[in-house]
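Handing you a structure now.
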Amino acid sequence: MKVQYATYEVSCEGATVLQVLEQIYENQDPTLAFRSGCGGSGPARCGACVMEVNDIPVLACGKQAEKEMVIKSHRKFECLKDLVVDFEAESGKD
Amino acid sequence: MTADDNETDVLVIGSGIAGIRAAIEASEQGVNVILTTKGALCKDGAASWMAGNAFQAALYAPDSVEAHIRDTIIGGKYLNNQTLVKTFLDLGPKAVEEMHRWGMRLSRWKGKFYQIPFPGHSLPRSVCGKPGLFLGPEYRKTLFREVKKRGIRVDEDIFISDLLLSRGEVAGAVGLDVRKGKPRIYRAKSTILATGGFMACYEFTTAGKAATGDGHGMAYRAGARMMDMEFVQFIPALTLWPPNLFGDPYPYLLWAGLHPVFYNSLGERFLERYYPDAKDWATREAVARAIVKEVRAGRGSPHGGAYMSFRHLPRNLIEDFLGKASGVEYLVKLKDAGIDIRHDGIEIAPGAHYVQGGCWINEKCETSLAGLYAVGEAGSGGKDGADRLAGNSITFCMAMGSIAGMAAAKRAKSSPLLRIMENDADRLVRKMLAPMERKNGMRPTDIKRAVRKIMSQHAFVERDGGGLDGGLRKLEEMRERDLAGMATSAKNELFNTEWIDALEAVNLVDVAEMVCRSALIREESRGLHQRVDYPDAEPGWLRHVLVEKAEKGMALSTTPVEFPIMKPE
């Protein structure tokens, strides 16, 4: 699969990465695909929104958004689209 | 037809606790099973994180299943289907034993399961994990392992949009293969709905956005009898302040581990006024109701709720609990905003947490449609009555899952796959494709937002006739003007989440209308259904409200509650 990057500018204060993605989806790019799962509610994390921010694996719902971020799908799993992965299929990459 | 075919004995739609338990049972009965889920197995959906810290079962004397049944019927204000309560709670001890055997880490004390008390239960009977620990991750890991161990086929990212009927019997389902953006048709001898609740039709909810009542919608549209739709459980545990924790349900976890007391803006422990006996240990819906009344009377906290306080507890008790608790980030953010729960109260308000309305079912979890079973929140049956006791849900899910799995397998062993008419399948597939094909129309996300607004304004904790009428008019307008022409703006086929939004929006509108119509007809207040214009419980209303699809719109009727076990006092 060919990797492509899209750049978005978002205005957000105190938002999590997941909230930033949701803003992009709602206001800029409805084709942006990501899993939100529990959305970070409460103390238990479901793990659906795992992804890489600046090359570090995070849960998007728990990670505070930074001024500049490169967000990628988690390298360990096969990417289905954008930030969505198939948890049943490992990509074979480290 | 350009759809792919997938045939099986038992189709389970939804992979929460009830769905997985049903799939496990059917698989043990030796039939073929396909479990579909609209997201990723044991990640999306409520069970992996909302299934919190209560799982009730009468395990040891002096407790008894009879006492558990009794508490449940009293808690349900005598509106429960008592036969179902007994059938399901009888399986409580077995459910705990199964989960434990499958590897779920439950607290033990001196050779027995450690059980903690909850409001409404006459004895402590909830098994639990380590204090302060949500059991959600345990369910997620344990059930995932069981599914994999048994080689149950799971189709992920499959959004089932409608059921397929063949001469009035459910013969399968139509869905969207989200990954490919293509329709998929399932044929099954038995179909089990395990799709969870519809709390996402409210703005303020402890649930995530996935709780869109997909099973409720598809069952209704297929002609299944629905019931008790007006009973939505609101629990007072959503954070109001600080803004970065707005809507966070962490207080829900605190509440089970530590006993809070609640204050209004005058510093009064107002629950003593509403419930002189139970006081701050009143059931969650009772507390929610009181908070809403206090806010309406002008005694709400600055951000529109009540203060939940632990200040009365010894500081070291609180710290011992917090030392073992999870979710430290919440407490850190609270502290950053100047709130230390050892001294300060958390401002909280009620939010939708669980639904008690769904398909009419019998004690085999059969719906009114042959070939269709419903479990968990999708299968109401009136099991919860007018209010559900904390921790009964997991027990119900496990019991119903095993019962429906067995019944579905039994039917499959003696039934053929029914012939599906191509017209029927085509019609449903076209309906599913419509939002993608329309060029202009209201976006699904805007329709969902509008539904949430209507429901939050017109059908929240407190209802009244005028408000419900108004809500119904808005829903009707929305259905004709907006939903009929709904269009996605994203037209990509592969993994189009806006398309999922569109299919969910259809269900939200159906569900919202069912709730409002049922709430309008029930002219009394009982448990979770509170009518400001009919503030008392009326014995004449010991009836269930039923909803069925009619020629035009919805047909409502009522049926009396039966009392085979205990009569109302």
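Just so it is clear, none of the values below were taken in a lab; they were calculated from the coordinates. Nothing here was measured: the structure is a model prediction, and the numbers come from that model. For neighbour counting, all protein chains shown are included, and Cβ atoms are generated from backbone atoms with ideal geometry for every residue, glycine included.
Any idea how far the Cα center of the range B:11-76 sits from the one of the range B:435-457, in Å?
32
Same structure, new question: Out of all DSSP beta bridges with both ends in the protein assembly as shown, state the antiparallel percent to the nearest 5.
Percentage antiparallel, nearest 5: 70.
Starting from the alpha-carbon convex hull of the range B:100-248, give the projected area averaged over all orientations, in nm².
Taking the Cα atoms of the range B:100-248, their convex hull projects to 13.5 nm² on average.
Hull surface divided by four, with the convex hull built on the Cα atoms of the range B:1-91: how many nm²?
9.1
May I ask you to evaluate 6.51 cos²θ - 1.76 cosθ + 1.60, the Karplus curve with θ = phi - 60°, for each residue of the range B:161-167 and list the ³J(HN,Hα) values in order in whole Hz, giving x for glycine and proline?
Values per residue, Gly and Pro as x: 9, 8, 8, 9, 10, 9, 6 Hz.
Further, regarding this structure: Rounded to two decimals, what ratio of Rg to Rh does the range B:232-352 give with C-alpha atoms and a Kirkwood Rh?
Looking at the range B:232-352, the ratio lands at 0.94.
Normalised by the empirical 2.2 N^0.38 Å for globular proteins, what value does the Cα Rg of the range B:392-538 take? Don't skip to the end; give the middle numbers.
Details: Rg = 20.0 Å, N = 147, 2.2 N^0.38 = 14.7 Å.
It is 1.36.
What is the extension gain from B:Glu562 to B:Asp336, computed as 0.36 nm multiplied by their sequence separation minus the C-alpha to C-alpha distance, in nm to one decimal?
Details: separation 226, 0.36 × 226 = 81.36 nm, distance 5.34 nm.
In short, 76.0 nm is gained.
Using the scaling law 2.2 N^0.38 Å as the reference, what is the normalised Cα Rg of the range B:73-123?
Cα-based Rg divided by the globular estimate yields 1.40.
Right, next: Would you mind ranking A:Ile24, B:Ile346 so that the residue whose beta carbon has the fewest other beta carbons within 10 Å leads the list?
Placing the least packed residue first, the sequence is A:Ile24, B:Ile346.
For peptide B:119-125, compute the average count of partner chain beta-carbon atoms within 10 Å of each residue's beta-carbon.
Mean partner-chain Cβ count within 10 Å for B:119-125: 0.
So what J values fall out for the range B:203-214 if you push phi through Karplus, 6.51 cos²θ - 1.76 cosθ + 1.60 with θ = phi - 60°, rounded to Hz, Gly and Pro as x?
6, 9, 8, 7, 8, x, 6, 7, 6, 10, x, 4
Would you list the P(r) distribution for the protein assembly as shown, with all Cα-Cα distances sorted into 10 Å bins from 0 and each bin expressed as a whole %?
Reading the bins upward from 0: 3, 16, 28, 29, 18, 5, 0.
Please work out the Kirkwood hydrodynamic radius for chain B, using every pair of different C-alpha atoms, and report it in angstroms with one decimal place.
About 23.8 Å, per the Kirkwood formula over Cα pairs.
Quick one: B:Met99, B:Met478, B:Met400, fewest Cβ neighbours within 10 Å first, how do they rank?
Ordered by Cβ neighbours within 10 Å, fewest first: B:Met478, B:Met99, B:Met400.
Return B:Arg108, B:Arg299 ranked ascending by Cβ neighbour count within 10 Å, so the fewest neighbours appear first.
Listed from fewest to most nearby Cβ atoms, that is B:Arg108, B:Arg299.
Still on this structure, I have one more. Rounded to whole Hz and in sequence order, give me ³J(HN,Hα) for the range B:31-47 from the Karplus expression 6.51 cos²θ - 1.76 cosθ + 1.60, θ = phi - 60°, writing x for Gly and Pro.
Result, ordered by residue: 10, 6, 10, 10, 10, 9, 9, 7, x, 9, 3, 6, 10, 6, x, 7, 4 Hz.
Among B:Val509, B:Phe113, A:Val10, whose Cα lies farthest out toward the positive end of the dipole of the protein assembly as shown, if unit charges sit on the beta carbon of Lys, Arg (+1) and Asp, Glu (-1)?
So the residue furthest toward the plus end is B:Phe113.
Continuing with this model, one more query. Over all residues in A:46-52, what is the mean tally of Cβ atoms on other chains that come within 10 Å of each residue's Cβ?
Average neighbour count from other chains, rounded to a whole number: 5.
With bins 5 Å wide starting at 0, give me the P(r) of the range B:379-426 over every alpha carbon pair, in whole percents.
4, 15, 16, 15, 12, 13, 11, 9, 4, 0
Using every pair of alpha-carbon atoms in the range A:17-89, split the distances into 10 Å bins beginning at 0 and state the percent of pairs per bin, rounded to integers.
Answer for the range A:17-89: a P(r) of 21, 56, 23, 0 percent.
Using only C-alpha atoms and all pairs of different ones, pull out the Kirkwood radius for the range B:313-457 in Å with one decimal. Write out the running numbers ahead of the final one.
Values: mean 1/r = 0.0479 Å⁻¹.
For the range B:313-457, the Kirkwood estimate is 20.9 Å.
Rounded to the nearest 20 Debye, what is the dipole magnitude of the range B:427-569 about its Cα centre when Lys and Arg each give +1 and Asp and Glu each give -1 at the C-beta?
It comes to approximately 620 debye.
Let me understand the range B:1-157 better: what is its radius of gyration from the alpha carbons, and its Dmax, in angstrom?
17.4, 62
Considering every residue in A:27-38, what mean count of other chain Cβ atoms within 10 Å of its Cβ is obtained?
6
Just from its helices, what would the mean residue ellipticity at 222 nm be for chain B, if runs of 4 or more DSSP H residues each count -39500 (n - 2.57) and the sum is divided by every residue, rounded to the nearest 500 deg cm²/dmol?
So the helix-based figure for chain B works out to -11000 deg cm²/dmol.
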